[in-house]
Amino acid sequence: MNLEEYRQAITPHTKITVLSGAGISAASGIPTFRSGEDALWSQYRPEELATARAFMADTELVWKWYDWRRQLIAQSEPNAAHHALVDLEKKSDLVIVTQNVDGYHQQAGSTTVHEFHGSIWRVRCLDCGYERYERQTPLPGLPHCEKCGGLERPAVVWFGEGIDPKIMGASFAAAADCDLFLVVGTAGAVYPAASLVDAAVNGGAQVIDFNLERSEVSHLAHLFVAGSAADTLVDLVP
Ligand code: BJW
Ligand code: ZN
């Protein structure tokens with residue numbers, strides 16, 4: 001089937017699950033992890049900054065990276081790809097599982113969003129575990145807990161850390177039990193998120209991959225749609 005045929009087959013009863021990655025926010029000007037485009041942070045690999053070990057070794061550096069990203073996200077906005085998924089939700093039974101921490105799906109108006117890797121807009125106390133919303137950008141300094149004064153970290157999932165069991169369960173259930181699974185702007189290189197594509201295939205879903213280039217999960221897709229998600233996703237909306 002081509003994209004037009006998939007579009008025509010969508011009804012309000014069609015169960016669609018979306019797995020989005022950094023590429024969906026690229027058209028908003030948010031750098032992806034593995035593009036190496038941004039001079040300021042390109043000397044670091046995500047495995048060197050997005051870990052508890054890096055945070056403990058150089059808290060200031062890791063917070064500086066996150067605060068820089070928080071500012072970029074705050075200064076920009078969701079793009080046509082996020083908006084296309086809001087429109088698609090109105091025409092189908094749609095669930096989004098996002099690896100992104102930017103909050104753009106919710107900001108655009110999507111209602112069912114599982115934040116697989118957490119949110120950059122939440123912080124969590126290292127001492128007492130208290131979690132809160134923190135939207136101020138830039139941060140005036142390292143954030144500290146209003147309950148116990150402990151140092152706070154971004155409430156995101158770093159390498160070596162487990163996914164919230166509730167979010168994991170809901171995400172795998174949504175992947176295994178859908179008619180159509182959309183992979184949007186992810187390299188499919190980070191686990192367990194990439195395994196959601198296998199779960200969808202094993203559950204019998206049709207899989208469409210939207211990416212600029214073929215990724216590590218493209219071979220699992222029934223259709224590969226080349227291009228920026230901001231240009232291509234809209235073609236699936238009935
Ligand atoms: C466009 C575009 C446009 C560009 N339009 N497309 C199995 C095998 C091997 C290793 C493992 C395994 N299972 C677990 C591991 C270890 C590890 C892992 O996966 N390592 C890999 C590097 C191999 N996984 C973990 O550690 C995970 N935890 C875990 O397994 O815990 C076990 C455990 C259990 C119980 C208790 C304790 C532990 C956690 C992984 C957490 C990942 N975290 C990050 C940071 C989040 C916070 C933050 O944002 O700072 O998540 S890393 C980073 O990668 C971030 C992303 O969500 C994630 C995925 O990246 P994504 O979205 O795919 O982005 P890119 O940049 O890689 O790709 C962009 C794509 O878009 C490209 O394809 C472009 O072409 C495309 N694109 N413009 C369309 N306009
Ligand atoms: Zn605390």
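Quick notes on this one:
- Taken together, the criteria place residue 163 among residues that are among the β-branched types (Val, Ile, Thr), in contact with a His (Cβ under 9 Å, 6 or more places away or on another chain) and within 16 Å of ligand 1 (Cβ to nearest atom).
- In the set (1) farther than 22 Å from residue 228 by Cβ; (2) surrounded by 17 or more Cβ atoms within 10 Å (Cβ to Cβ); (3) free of Cβ contacts under 8 Å to residues at least 12 places away in the same chain, the condition left unmet by residue 14 is number (3).
- Hits in the range 94-128 - residues which are within 11 Å of ligand 1 (Cβ to nearest atom) and among the hydroxyl-bearing types (Ser, Thr, Tyr): 98, 119
- Hits in the range 1-10 - residues which are farther than 19 Å from residue 200 by Cβ and part of a loop (DSSP other than H, G, I, E, B): 2
- Among the residues of the range 113-138, the one identified as acidic (Asp, Glu), more than 18 Å from residue 64 (Cβ to Cβ), within 16 Å of ligand 2 (Cβ to nearest atom) and touching a strand residue (DSSP E or B) at 6+ places or on another chain (Cβ under 7 Å) is 131.
- If you go through the range 177-198 and pick out every residue that is among the β-branched types (Val, Ile, Thr) and more than 13 Å from the chain's Cα centre (by Cα), you end up with 1.
- Test for residue 11: is it of a type in the set (Val, Ile, Thr) and within 12 Å of ligand 1 (Cβ to nearest atom): no
- Residue 110 meets each of the listed conditions (1) touching an Asp or Glu at 6+ places or on another chain (Cβ under 7 Å); (2) within 16 Å of ligand 2 (Cβ to nearest atom) apart from (2).
- Any strands (runs of 3 or more DSSP E) falling wholly within the range 139-238 and containing at least 1 residues that are within 16 Å of ligand 2 (Cβ to nearest atom) and among the acidic types (Asp, Glu): 152-156
- Residue ranges of helices (runs of 4 or more DSSP H) in the range 20-130 with at least 2 members closer than 27 Å to residue 197 by Cβ: 46-49, 59-75, 80-91, 104-108
- Residues in the range 135-153 that are over 18 Å from residue 58 (Cα atoms) and surrounded by 18 or more Cβ atoms within 10 Å (Cβ to Cβ): 145 alone.
- Here 170, 189, 200 are screened, and the one residue that is among the aliphatic types (A, V, I, L, M) and buried (at least 18 other Cβ atoms within 10 Å of the Cβ) is 200.
- With respect to the conditions (1) near ligand 1 (Cβ under 9 Å from one of its atoms); (2) among the hydrophobic types (A, V, I, L, M, F, W, C); (3) exposed (fewer than 14 other Cβ atoms within 10 Å of the Cβ), residue 26 falls short on a single one, namely (3).
- Exactly one residue among 53, 45, 69 is of a type in the set (Lys, Arg), within 9 Å of ligand 1 (Cβ to nearest atom) and out of contact with any Lys or Arg (no Cβ under 7 Å at 6 or more places or on another chain), and that residue is 69.
- Members of the range 202-238 that are near ligand 1 (Cβ under 9 Å from one of its atoms) and acidic (Asp, Glu): 213, 216, 231
Quick note: the coordinates plus some simple rules give every number you see, no bench work behind them. Not measured: the values here are computed from a predicted model. All Cβ positions, glycine included, derive from the backbone under ideal geometry; neighbour counts span all protein chains shown.
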